[in-house]
Amino acid sequence: MAVIGAFAYEEDFLAAAENLKASGFDNISLLSPLPLEEAQEVLGLGKSPVRRFSLAGAILGGICGFAMAAGTALVFILPTGGRTIITLPPFLVITYEMTILFGVLFTLLGFHFVSGLPAWRDKPYLPSANIDHFVVVVEGAAGEQVARAEAIIRDAGADEIRHVEEDQ
Amino acid sequence: MFDHGQPSYAEVNKDVLATMLETGPKYWILLGTTMGVAGICFFMPWFYQLIVGVGAAGMNRNAVWGTYLSNFIFWIGLSHSGTLLSAVLHITNSPWRKAIYRSAEAMTLFSLMTAALFVMVHVGRVWFVHWSFPIPNQMGLWPNFRSPLMFDVMAITTYLTASSIFIYMGSVPDFAAVRDASTGLRRRLYTIFSFGWRGTAREWHTLGWAYTFFAVFVVPLAVSVHSIVSWDFALSIVPGLHHTIFAPYFVCGAIYSGTAGIVTVMYCLRKFLHFEKYIGQVHLDSLGKLLIALSLIWSYINILELFSSWYGGTSFELEALKFRLIGFYAPLYWEMILFCAFVPLLMLSKKIRWSWNKMLVISILINIGMLTERFIIVATSQPRKFLPDAFGFYFPSWIEISITIGSFAIFATLFLIFIKWVPSISIYEVKETLKPLRRDA
Amino acid sequence: MSTFVEKLRSYRKPGYYDEFDYHWTMTIDLDRCTGCEACVVACQAENNLPIVGEERFAQSREIKWIRIERYWEGEYPNVKMGFIPMLCQQCDDAPCETACPVYATYHNQDGLNTQIYNRCIGTRTCAVYCPYEVRYFNWFTYTWDEPLEQQLNPDVSVREKGVMEKCTFCIQRIRIAKDNAKDDDERRVRDGEVVPACVQSCPTEAMVFGNSKDPGSKVSKMMKNPRGYKVLEELNTSPSIVYLTKAHS
């Protein structure tokens, strides 16, 4: 059972989120039409693990880039213009580009991994959360928890409260 | 930030989505026209050229590179402002970026695609162009990574990938807004496009971090892309091209023409999509100031290029310099100086900087100047290389001119398709610039 | 491990080859050149060069792997005319080779700058980078009217549109000579065994061709001539062709 509360004002929404958190509800989602740093602080989201993906991708890309340029030059040795076979300055340009390419691709991968998107199942959602409402979703509530969550949300001044059965 | 009062959150959604969901006959007429022009002016001559050979263009033995390549540089240059400017402004946290960055990035993407098309038009045997990609093949032969053209292949594919990801990831929350506002097939499509975005704090948090990293990667990438394009020229030993100044020269010129391009695109968006509420004087003013700064840097580098050619004093360089300054293409050269060095100085006056119509004219003049700049680089250097016996002349054929005109139609077509598929103003970032909703307000 | 390091070290050697197997070189004595263009015609016949026609010639799209450049010295009436036959200089440090993204041009073990037509995608970068302007592009697919196609050289491929081409030092003749030498007890190619079409046809014997690694060859002796110079030597392309300047009285 999920409890959904929609707020018209940011401050009410944040107050409800804090109260829920303080009352021991851990599985809450805070939906907002724009990024809110305060909401992220309530959930205690600090540095995102995405940055590790970026770093790993960039390092891997750099290594792969140089390995590709140098390796393919050795597979079929064709001297050009009196240059060495493993010529550093041009290969560093390739390394540079591949560093960025892999960095970007791994950051994308990191985004999908960390955010849990694409979402394969329907999750509790109100379309107004993407327009002008701030929505608190308490997931996995059972028994008296439902009533307690509902009370906190109502006290904070929610416009609309709903109960939704979750897909398992 | 807002010239006509602050809109509410719901109004932002409504205004921006209306440009996508409501399509009048005017749009279809315009789209049909640009597609027709692209087909007749670009693809038909290209098809003819594929049949008879590149000889259909005006290039010859003394100038084997022509308008195709100069247009390639122009389009790559135009692509430079969007993603680069958006990324720099994102990292430096400039609020005026938010209303204009989406369409600026789209400009990047589509001018890059147009530029890539010019490579296809340029090469002699386009049906073998995949040989320049590092794809394993039965010959066991790989491309030559020592070649500046390979740098180009790597840089442009990376840039195309990175800027597509950059614009797509920035649009995911807005795709969700489209999904919620639509029905039927469109709803199903945007459900997929938006990855099931709900706007939870965790999603925003991850997107914010990922987006900042994309921006951090894109800035050095964009600088490297145009440096590499300049090395196609500067790594040759051709007098007039073999300058160390070329990389900064090209990068500066690219951002310059790209920023002017943004002004032109902003004008059209504001006029035809009725974004007067969102794109205001502050944007025009900031872009105008940026243009003045860039034009001054551009002029400085140009003077320096002439100076170093003259100061070097070799007969080859002097001959190339003479051909550029007082040769057949001298009128074009001085036109470029007028449009790119002197006309932008008009923007020092606030009256001009604050007028949309005047800025439109200036921005178009700058881009005409930049188009000729690239043409001059290509057309005046090769016919004056080293051996006087091989001195020649290059003039574009009607096929090249037609394809040049057609490329603008291709760009316009892609842009017109874009405005119906992606919200051309970032909905959620405009909301960030609004005052937050308070109970007491 | 040590062989790996040795190998890597050898890859770091500029040009890779320790020394060329043969180093095909040409000397051209400008004092003997009369500008008769017999070499131009011989090259045309030997290498299946297309006849582009008057109109395309006027557009300066002719294909001549060797051309006679004409220069004037002095003021009228004391004018002197000089000729320089200009062909691919087979530079050891060729600017064109690094430019090609698909390895359509590279340096082979005989010190030749080769052009692989089948590999070329026609970016034309090599022609821009070449300071001697001796690379020629096939702007169209050229055909030979009957019965002219009967005189095409079967040893040389005919190029299609969109491909770059240039002087090969008649690599087909070098190939035949090397094959003959190999069949004949694997001996070295003798001096004078390989003669490119232009050298063969020169009535004044202004051109000499041979292996400059063989100190006894005619070309090695000619190269020691104090009149010798290389065209645009200051660009550091290390051309393989030595010109002998005109002796002034």
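Bear in mind that the values in this text are calculations on the coordinates, not laboratory data. Here the structure is a predicted model, which is why all the values come from computation and not from measurement. Backbone-built Cβ (ideal geometry, glycine too); neighbour counts: all protein chains shown.
Mind checking A:45-52 for the average number of partner chain beta-carbons within 10 Å of each residue's beta-carbon?
For this peptide, the per-residue mean of nearby foreign Cβ atoms is 4.
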For Cα pairs less than 8 Å apart in space and 6+ apart in sequence, what is the mean separation divided by the residue count of the stretch C:157-222, i.e. the relative contact order in percent?
20
Computed [θ] at 222 nm, deg cm²/dmol, chain C (DSSP H ≥ 4; -39,500 (n - 2.57); rounded to nearest 500)
-6000 deg cm²/dmol
10 Å Cβ neighbours from other chains, averaged over peptide A:67-78:
5
Say we join alpha carbon atoms closer than 10 Å with springs in a Gaussian network model of chain C; which of C:T98, C:T114, C:T27 then has the biggest fluctuation?
C:T98
Any idea how far apart B:I364 and C:E149 come out in nm if each label point goes 7 Å out from Cα toward Cβ?
5.3
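At a threshold of 8 angstrom on Cα-Cα distance, excluding pairs fewer than six apart, so keeping six or more, what relative contact order does chain B reach in percent?
Relative contact order comes out at 33 percent.
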Within the stretch C:85-109, name every residue whose backbone N is under 15 Å away from a label modeled 7 Å from Cα of C:T204 along the Cβ vector.
C:85-86
Would you mind checking the stretch B:271-293 for residues with the amide N under 14 Å from a putative spin-label position 7 Å along Cα→C-beta of B:T33?
B:272
Amide H contacts under 5 Å for C:V163, restricted to residues at least 5 apart in sequence or on another chain and with H modeled in the peptide plane, are C:N138
What does the average come to when, for each residue of peptide C:69-80, you count the partner chain Cβ atoms lying within 10 Å of its Cβ?
1
The distance between the Cα centres of the stretch C:97-120 and the stretch B:166-193, in whole Å, is 50
In a Gaussian network model of chain C with springs linking alpha carbons closer than 10 Å, the residue among C:P131, C:P239, C:P226 that fluctuates most is C:P226
Using a Förster distance of 35 angstrom, determine the FRET efficiency expected from the C-beta separation of A:Q145 and B:R187, and round it to 0.05.
0.55
Chain A - mean residue ellipticity at 222 nm from DSSP helices (-39,500 (n - 2.57) per run, n ≥ 4, rounded to 500)
-17000 deg cm²/dmol
Highest to lowest packing among A:73-84, B:325-336, scored as the average C-beta count within 10 Å:
A:73-84, B:325-336
In nm², what is the average projected area of the convex hull enclosing the Cα atoms of chain C?
17.4
Per principal axis, largest first, the Cα atoms of the stretch B:207-337 extend in Å by 58, 35, 21
For the stretch C:163-249, which GluC sites (Glu not before Pro) pass both filters: DSSP loop (anything but H, G, I, E, B) and at most 13 other C-beta atoms within 10 Å?
C:E186, C:E205
Can you give me the long-range amide H partners of C:M207? Hydrogens built in the peptide plane at 1.01 Å from N, cutoff under 5 Å, separation of 5 or more residues or another chain.
C:D29
Per-pair calculated FRET efficiency, R0 = 41 Å: A:E37 and C:T3 via Cβ, rounded to 0.05:
0.10
Where a ≥ b ≥ c are the square roots of the eigenvalues of the C-alpha gyration tensor, would you call the stretch C:147-249 rounded, which needs a/c under 1.5, or, failing that, prolate if a/b is larger than b/c, or oblate?
oblate
Before anything else, pin down the relative contact order of the stretch B:148-230: Cα pairs under 8 Å, at least 6 apart, normalised by residue count, whole percent.
42
May I ask for log10 I(q)/I(0) of the stretch A:50-115 at q = 0.11, 0.13 Å⁻¹, from a Debye sum over the Cα atoms as equal point scatterers with solvent left out?
-0.33, -0.42
Got a sec to turn the phi values of the stretch B:139-148 into Karplus ³J(HN,Hα) couplings, 6.51 cos²θ - 1.76 cosθ + 1.60 with θ = phi - 60°, whole Hz, x for Gly and Pro?
7, x, 9, 10, x, 8, 6, 7, 7, x
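Can you figure out the FRET efficiency of C:S238 with C:V195, using R₀ = 30 Å and their beta-carbon distance, to the nearest 0.05?
Step by step, r from the Cβ atoms, then E = 0.80.
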If each residue of separation counts as 0.36 nm, what is the full-extension length gain between B:M139 and B:A18 once their alpha-carbon separation is subtracted?
38.2 nm
How big is the protein assembly as shown in terms of Cα radius of gyration and Dmax, in angstroms?
32.6, 117
Fewest to most Cβ atoms within 10 Å: B:W310, B:W142 sort as B:W310, B:W142
Convex hull of chain B built on C-alpha atoms - directionally averaged projected area, nm²
24.3
Under 5 Å from the placed amide H of B:G58, counting only residues 5+ away or on other chains, we find B:S397, B:E400
